[in-house]
Amino acid sequence: MKGKAFRDITVMLVILMASMALVAPASSSSTIVSIESKSVTVGQSVTLQLMVEGADEPISSARLVLSYDPAICEVTSVEEGQFDFFESTIDKEKGELNIIGYGIEELREDFKIADIAFKAKKEGVCNLGVDILELKNSKGNPVHAKTESGSLIAEAPPSDEEGMPKSTPTITPTTTPALPSPTPPISPTPSFTPASSPPPITTTTPTPLIPSTSIAVVHIGNFSVAEGKLCNAAIIIKNIGESGISRADITLEFNPSVVKIESARGSEFDRFAWDVPSEGKLMMFAFENDAKAKREIKFVELKLRAIGRENESSELGLEVGRLKDGNNQDIPFEVENGYLWIKPSRAIPTLSVFETIAVTAWLYFFIRLRRRK
């Protein structure tokens, strides 16, 4: 009995130690993703900071969802923080703000993800929840972090009855002047002065700030590739205006059962990064330190592998998030999509019935002649 009790106690201790070992890494994380709490008057706006605090290892990417009560408040604007590449989308009906951030240089310790402006719609407490979908370091490994939610307290505007003394209006007596004795009104004799003819209206066509010829073109070509083979596909930005180009955010969409992205490199921009947020989608971001007036620039050189079957094809669709010139102004653009087609491999040509008979007869007589010799 003593041996059995000792064995049971040993097993319980082992299980307890294993459980503590599993729980310890999560609780030892010092990285916190948080949003602050503030109060605001209904109808007014306030800006809250979404922060990362105490990051003890470098962080290069983040995907977050901030939830709020759309009946009490709404997000009116989102300004990027310290990430090099930043995207945000607002779902007003659900009350969700989706944020994606990537950094070329790793971020440590305390840094800001975004400044988020909220407007209070009605009185109440709006809870702000932070949900981490992805937090990774430069090697692509997940970073363990805690979250701290915030709140926005929407208060009713102050009224005279709540602590504000009412001001007693001062009544200033007014004296009514004596009216003069009435005199019969004198009807003025109208004088008709011929109106001068209005000056001719001249219309001037306003000069557009950006000439129509400066619309940039984001282009990817068409490619035919044998099954299983690679090809190089460059995304080119052409017809750039005099102000140059300083930033480009472009997404490539494709059929993942037909095309596989092997690599994305060779950009002529000073800084370039890419990510695959979902299957069949490649997000790319590029910055230019000195936006020179280049008429054409290579955004990226892609290596595409044809993984589908013969005669299958996939559209290479381009979606431009933004193009900025040297003055940080939007560049008008148009898109030229492409496609990848998997061409048939070279096979032995098929022969007709007549050709087959002729070849067979020729081989027969050739063999007979060889035997006679």
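The values are calculated or read from the model by the stated rules, or taken from the named source; none is laboratory data. As the structure is a prediction and not an experimental result, all values here were calculated from the model. Cβ placement follows ideal geometry from the backbone for every residue including glycine, while neighbour counts extend to all protein chains displayed.
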Exercise for the section: Kindly indicate the residue of region 251-273 that is within 16 Å of the chain's Cα centre (by Cα) and touching a residue at least 60 places away in the same chain (Cβ under 8 Å) and also surrounded by the most Cβ atoms within 10 Å (Cβ to Cβ) among those meeting that condition. Expected result: L252
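Working only within region 41-63, note down all residues that are among the aliphatic types (A, V, I, L, M) and in contact with a Ser or Thr (Cβ under 9 Å, 6 or more places away or on another chain).
Correct list: V46, L48, L50, M51, V52, A55, I59.
When you look at V276, is it outside the structural domain of I100 (by TED's automatic domain parsing) and surrounded by fewer than 16 Cβ atoms within 10 Å (Cβ to Cβ), yes or no? So that I can check it myself, show each step before the final result.
Working: outside the structural domain of I100 (by TED's automatic domain parsing): yes; surrounded by fewer than 16 Cβ atoms within 10 Å (Cβ to Cβ): yes.
So V276 fits the description; yes.
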Handout entry: Sole exception among (1) crowded, with 16+ Cβ neighbours inside 10 Å; (2) free of Cβ contacts under 8 Å to residues at least 40 places away in the same chain for I113, by number
Key = (2)
Exercise for the section: For F287, indicate whether it is in contact with a Lys or Arg (Cβ under 7 Å, 6 or more places away or on another chain) and not small (G, A, S). Expected result: yes
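Please verify whether N327 is at pLDDT below 90 and either part of a strand (DSSP E or B) or within 24 Å of I100 (Cα to Cα) (or both), treating the condition exactly as stated. Show your work before the answer.
Details: at pLDDT below 90: yes; either part of a strand (DSSP E or B) or within 24 Å of I100 (Cα to Cα) (or both): no.
Spelling it out, it is not the case that N327 is at pLDDT below 90 and either part of a strand (DSSP E or B) or within 24 Å of I100 (Cα to Cα) (or both).
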Exercise for the section: Sort through E74, E53, E57, E109 and tell me the only one that's closer than 15 Å to I35 by Cα, of a type outside the set (V, I, T), over 15 Å from the mean Cα position of the chain (by Cα) and assigned to a strand (DSSP E or B). Expected result: E53
